[in-house]
Amino acid sequence: MALIMETPVDALIKDEHETPKWKKSTVVFVLGGPGSGKGTQCANLVKHFSYTHFSAGDLLRAEIKSGSQFGAMIQSMIVDGRIVPSEITVKLLCKAMEESGDDKFLIDGFPRNEENRIVFENVVRVMFILVISLSIVFSLIPIRV
């Protein structure tokens, strides 16, 4: 039996007659390990180029904190050590993008793998995606985190 979860963003994704503003957007994925400077660089890009910044992890934590059924499922998956399905994270990102009213986004901590990227591109279909990958010397991670 498949678990089907309807969220407010499902209507946006299913409605092909009306194109939400975020479907004509620029998206920059900011990737890197802990302490690599993702937050610092995102803050700079927001300040100088007026992007809207979303952290995939923050969106997942906010959904858990909301106490929703959706959040409870995310919490259960994390506690069990399972990866949250791409579709769930993409739905949360789409909802945040729609609610922002903006058309330039920085998304940090996502995608984590190729499957995440494919699901995002298939659902969102934005005009332009750029990836910024930050690196850090492995031995510095404990010092920066």
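The values are calculated or read from the model by the stated rules, or taken from the named source; none is laboratory data. Note that this is a predicted model, so its numbers are computed, not measured. All Cβ positions, even for glycine, are placed from backbone atoms using ideal geometry, and neighbour counts span all protein chains on display.
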- Does any residue of the stretch 55-68 turn out to be in a loop (DSSP other than H, G, I, E, B), in contact with a helix residue (DSSP H, G or I) (Cβ under 9 Å, 6 or more places away or on another chain) and among the charged types (D, E, K, R)? no
- Query: Among the residues of the stretch 24-33 satisfying the criterion of being at pLDDT below 85 and under 19 Å from ASN116 (Cα atoms), which is surrounded by the most Cβ atoms within 10 Å (Cβ to Cβ)?
  - Reply: SER25
- Message: buried (at least 16 other Cβ atoms within 10 Å of the Cβ), among the acidic types (Asp, Glu), touching a helix residue (DSSP H, G or I) at 6+ places or on another chain (Cβ under 8 Å) and part of a helix (DSSP H, G or I): is that true of GLU115 in this structure?
- Response: no
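Every residue, every condition in (1) among the aliphatic types (A, V, I, L, M); (2) over 20 Å from VAL46 (Cα atoms), yes or no:
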| residue | (1), (2) |
| --- | --- |
| GLU87 | no, yes |
| ALA96 | yes, no |
| GLU99 | no, no |
| ASP103 | no, no |
| PHE110 | no, no |
| ASN113 | no, yes |
| GLU121 | no, yes |
